[in-house]
Amino acid sequence: MLALALSPCLVNAADVDILPRPASVEIQKGVFRIPAGGLTFAIKNNACPELQELLQGYGWKPEQWKKANVRITIGDDAAAENYVLTVGSKNVTVEAPGRGGALYGAQTLRQMLEAGSASGEIAQCRISDSPRFPYRGLHFDVSRNFRSLDFLKKQVDAMAELKLNRMHLHLTDGAGWRMEIDSYPRLTSYAAWRPQARWTDWAKEGASYCDGPGAGAYGGYYTKEQMRELIDYAAKRNITVIPEIEMPGHSHEVVAAYPELGCEIDGPVEDFCPGKEATYEFLTRVLDEVIEVFPSEYIHIGGDEAGKAAWHKCPDCRRRMDAEGLNNVEELQSYLIKRIEKHINAKGRRMIGWDEILEGGVAPNATVMSWRGTEGGRKAMAEGHDVIMTPGEFCYLDYSQDAPFREPISIGGYTPLEKVYSYEPVEADMSDDEARHLLGVQGNLWSEYVYDDSHAEHMYYPRAFAIAEIGWSPRGKDYADFRRRALTMNRHLADKGYAVFDLANEYGERREKADTLTHLAVGCPVSYTVMYNSKYPAAGNTTLTDGLQGGWTYGDRRWQGWSEDMDLTIDLGAVKPIHYIGASFMHSEGAWVHLPEQVTYSVSENGTDFTEVATIYNDVDPTFSKIMMKNYGAPVNVDARYVRVQARQNPRPGAWIFTDEIVVN
């Protein structure tokens, strides 16, 4: 509840129970008592029937201006989202230059009323509020696991409360095509359906499709009318729905339905052929139908993780490269992206793509969504392109948000609420010219391992609260206060039927990460027969003997990684009695991180002649779906100076090995 002050004063906006935190709050003496019969409202200057409808949905009743206890004045600036909310002793006023600001002022008042409902009053105050960034988004992957229209509407309601204003729909991917396209009916009669309900089962069992709907066919798609219904529903809540049609990668389902759009080579083909003119005819006709339905300024075209191996062999691709003077397959992808952007621009729209669209030369007017860290976004801003930041380390919500043994299955990793909240989009060395191109932030939930609607909500909330506050509130962090407000919002959403994560009983980081170990090998040099992978060096050559253990994620810069067998030797500096050798290894099936098949420890006095002293074998099913750590330790009784550790890679193709400390006692 709002704290009262004895006299008018300017207080920190974090002192109020509002999320996201407002720009400015002035608490004044006195209170506004909530009427026993509930609130009445009136709207001046702009009838705004959609806002009236929403307010009545909150239980507020329309009334004449002079009698209403909530009075809203709306201007004609359609893009404005700022507002001023004044709580007096007798009534409340909301003044906004546009409908979006009026809606957000009402949402702020609604939160205050909910926080003050127990006492029946809220403090008199003046709140002047506006967003830090114009783009504040959440991403919904409806391809991997289809979501109903009702589910999406429910999330729109939560987004509106959080002042999020962009819903990014990932409508197409290898796992299923999700939008009706009249020109290509097989996209929804075949490519929208698969024999396995779960994406993981589908991927393991051949990634095939089937005719649907019907018995044994899982999937679904949205008709154009359903999409228009969602767009209208979201627009009333100041949310724009942005469609994503993936190209040229992540298009297995399209090529399965229309094989003539793939490269003509021996072996499997999963992506569009950028050499064929038929590909461009398909993409432009699909985009024309999408643009007809979606009024959004932006159209997202994906552009990430294209499998280019087939392009090297494809005669159509070679001909296209020769004809256009393209030097490599990266430039071939850039040719496709630029050609598509030209078509989108001709329709009066703008293109967004993942940061891979920078490869081979970015399209001239493209907006870049930076997910592989922030480097791609920084590069794009420096070149004068608008950017939306969604770096995976902070903004990917498909990672576990608490101790994995307590959480549902995830793709791996560990991104708790505090980590998301810590993200600052405007980096210290970012110039004003760069910052002007930073449109905002977005949280992404990829749903490979998120089968159920309740699981999806569990992953969004409360982490979406942090995305909302990063996008809306002035710069500055106070996690303790944010967490307090997040707990309040979590309770409100739970009361409204959302399956939120239990933040109040959060377990937190792996306990071992807080400990510093003492053992014979601490500070000792490590020589690598097989070098760790450059992507996961942790602290380099000192990592495995620094006394520090890793947390729940292999990306926390304490876990060192290999994409092959591991082989290293520790020099203890002198011959010493050794009674134990051990190391912890990580398993995270969704991230292709697996426990080694076996770990062998050998010792030597001279560094040349080694004697094997222990071998420990893996006894964990490689398909175990949750994150876990296993200690490969063994008692020994030897005198030695050198300790050799060899770990054999799990036979699953693409498996990684991660370890965090070699303990010698």
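Seen against the Cα atoms of the chain and their longest principal axis, helix 463-472 is set at about 60 degrees.
The gain in end-to-end length when the Asp150 to Glu324 segment is fully stretched comes to 58.0 nm, 0.36 nm per residue minus the alpha carbon separation. The phi-based Karplus calculation (6.51 cos²θ - 1.76 cosθ + 1.60; θ = phi - 60°) puts the 3J(HN,Hα) values of the stretch 103-116 at 4, 5, x, 5, 5, 4, 4, 4, 5, 4, 5, 5, 5, x Hz, whole numbers, x for Gly and Pro.
Which shape class applies to the stretch 1-153: rounded if a/c is under 1.5, otherwise prolate when a/b exceeds b/c and oblate if not, where a ≥ b ≥ c are the square roots of the Cα gyration tensor eigenvalues? Prolate, because a/c is 1.5 or more and a/b exceeds b/c. Determine the distance separating the Cα centre of the stretch 552-570 from the Cα centre of the stretch 277-316; give it in Å without decimals. Using only Cα atoms, the two centres lie 38 Å from each other.
Sparsely packed loop sites in the stretch 490-586 (the trypsin sites (Lys or Arg not before Pro) outside DSSP H, G, I, E and B with at most 13 other Cβ atoms within 10 Å) comprise Lys496, Lys535. Taking the alpha-carbon centroid of each part, what is the distance from the stretch 401-428 to the stretch 164-227 in angstrom? If we compute the Cα centre of each part, the gap is 29 Å. Dipole check for the chain: with +1 at the C-beta of Lys and Arg, -1 at the C-beta of Asp and Glu, and the Cα centre as origin, the magnitude is about 2260 Debye. Just the protein heavy atoms count here, and of the accessible area of the stretch 319-366 at 1.4 Å, carbon and sulfur take up 42 percent.
Once both labels are positioned 7 Å from their Cα atoms along Cα-to-Cβ, the gap between Asp232 and Asn46 label points is 2.0 nm.
Accessible surface of the stretch 86-129, 1.4 Å probe: 42 percent of it comes from carbon and sulfur atoms.
Sorted by mean Cβ packing within 10 Å, highest first, what order do the peptides 321-327, 55-61 take? Mind dumping the intermediate values first?
Details: 321-327: 12.6, 55-61: 14.7.
Put in order of decreasing packing, that is 55-61, 321-327.
With the cut-off at under 20 Å, measuring from each backbone N in the stretch 378-405 to a point 7 Å along the Cα-to-Cβ line of Asp432 picks out 381-387.
Could you work out how much longer the chain between Glu375 and Glu424 gets when fully extended? Use 0.36 nm per residue separation minus the Cα distance between them, nm to one decimal. Numbers along the way, then the final one.
On the way: separation 49, 0.36 × 49 = 17.64 nm, distance 1.40 nm.
Value of the extension gain: 16.2 nm.
Express the carbon and sulfur contribution to the solvent-accessible surface of the stretch 529-665 as a percent, rounded to the nearest whole number, probe 1.4 angstrom. Write out the running numbers ahead of the final one.
Numbers: 2710 of 5660 Å².
Within the stretch 529-665, the accessible surface is 48 percent carbon and sulfur.
Using a probe of 1.4 Å, the accessible surface attributed to Met629 totals some 40 Å² when neighbouring protein chains are kept in position.
Pop the C-beta distance of His312 and Asp478 into the FRET formula with R0 = 60 Å and round what comes out to the nearest 0.05.
Values: r = 53 Å, r/R0 = 0.88.
Efficiency, rounded to the nearest 0.05: 0.70.
Using a 1.4 angstrom probe, figure out how much accessible area the chain has per residue, in square angstrom, rounded to the nearest whole.
Values: 25420 Å² over 665 residues.
Result: 38 Å² of accessible area for each residue.
Using the beta-carbon distance between Asp182 and Arg491 and R0 = 30 Å, what value does 1/(1 + (r/R0)^6) give for FRET efficiency, to the nearest 0.05?
Values: r = 45 Å, r/R0 = 1.52.
About 0.10, to the nearest 0.05.
Each residue, Lys576 and Ala346, gets one label point 7 Å from its Cα in the Cβ direction; the gap between the two is 7.2 nm.
For the chain, the relative contact order comes to 10 percent (Cα pairs under 8 Å, sequence separation of at least 6).
Could you tell me the calculated FRET efficiency between Glu225 and Met628, based on Cβ-Cβ distance and R0 = 51 angstrom, to the nearest 0.05? Provide the component values of the computation, followed by the final result.
Values: r = 46 Å, r/R0 = 0.91.
E(calc), rounded to 0.05, equals 0.65.
Quick check on the chain: helices-only [θ] at 222 nm, where DSSP H runs of length 4 and up contribute -39,500 (n - 2.57) each and the sum goes over total residues. Nearest 500, please.
On the way: 18 runs with 173 residues, N = 665.
Mean residue ellipticity, 222 nm, calculated: -7500 deg cm²/dmol.
Take every DSSP beta bridge whose two residues both sit in the chain; close to 60 percent of them are antiparallel.
Accessible surface of Val620, taken over heavy atoms with a 1.4 Å probe and every protein chain present, rounds to 30 Å². Among Val643, Val530, the order of accessible area from largest down is Val530, Val643, computed with a 1.4 Å probe on protein heavy atoms.
With the charge dipole of the chain set up from +1 on Lys and Arg Cβ and -1 on Asp and Glu Cβ about the Cα centre, the Cα lying farthest toward the positive end among the listed residues Ala504, Ser602, Tyr104 is that of Tyr104.
Looking at this model, which pairs from Lys224/Lys419; Lys29/Lys67; Lys236/Lys338 are more than 30 angstrom apart at the alpha-carbon? Walk me through the numbers before you get to the answer.
Details: Lys224/Lys419 38 Å; Lys29/Lys67 23 Å; Lys236/Lys338 34 Å.
In this structure, Lys224/Lys419; Lys236/Lys338 exceed 30 Å between Cα atoms.
Here each label is just a point 7 Å from Cα along the line to Cβ, and for Glu612 and Arg557 those points are 3.9 nm apart.
Rounded, prolate or oblate: which fits the chain, taking a ≥ b ≥ c as square roots of the Cα gyration tensor eigenvalues, rounded meaning a/c under 1.5, else prolate when a/b beats b/c? Before the final figure, lay out each step's value.
Working: a/c = 2.16, a/b = 1.33, b/c = 1.62.
Oblate, since a/c reaches 1.5 and b/c is not below a/b.
Dipole magnitude for the stretch 54-197: computed about the Cα centre from +1 point charges on Lys and Arg Cβ and -1 point charges on Asp and Glu Cβ, it is near 140 debye. Overall, the anisotropy analysis places the stretch 121-168 in the oblate class: the square-rooted eigenvalues a ≥ b ≥ c of its C-alpha gyration tensor yield a/c not less than 1.5, with a/b not exceeding b/c.
Residue ranges 417-428, 298-309 sort as 298-309, 417-428 when ordered by packing (mean number of other C-beta atoms within 10 Å per residue, highest first). Of all aspartates and glutamates in the structure, those lying under 12 Å Cα to Cα from Lys153, and not within fewer than 8 positions of it along the same chain, are Glu229, Asp232. Residue separation of Ser534 and Ser89 scaled by 0.36 nm, minus their Cα-Cα distance, works out to 153.9 nm of gained length.
The values are calculated or read from the model by the stated rules, or taken from the named source; none is laboratory data. Predicted, not measured: the structure shown is a model, and the values here were computed from it. Here Cβ is always computed from backbone atoms with ideal geometry, including for glycine, and neighbour counts include all displayed protein chains. Note: areas computed on protein heavy atoms with side chains; ligands, DNA, RNA excluded. Shrake-Rupley method; radii C 1.70, N 1.55, O 1.52, S 1.80 Å.
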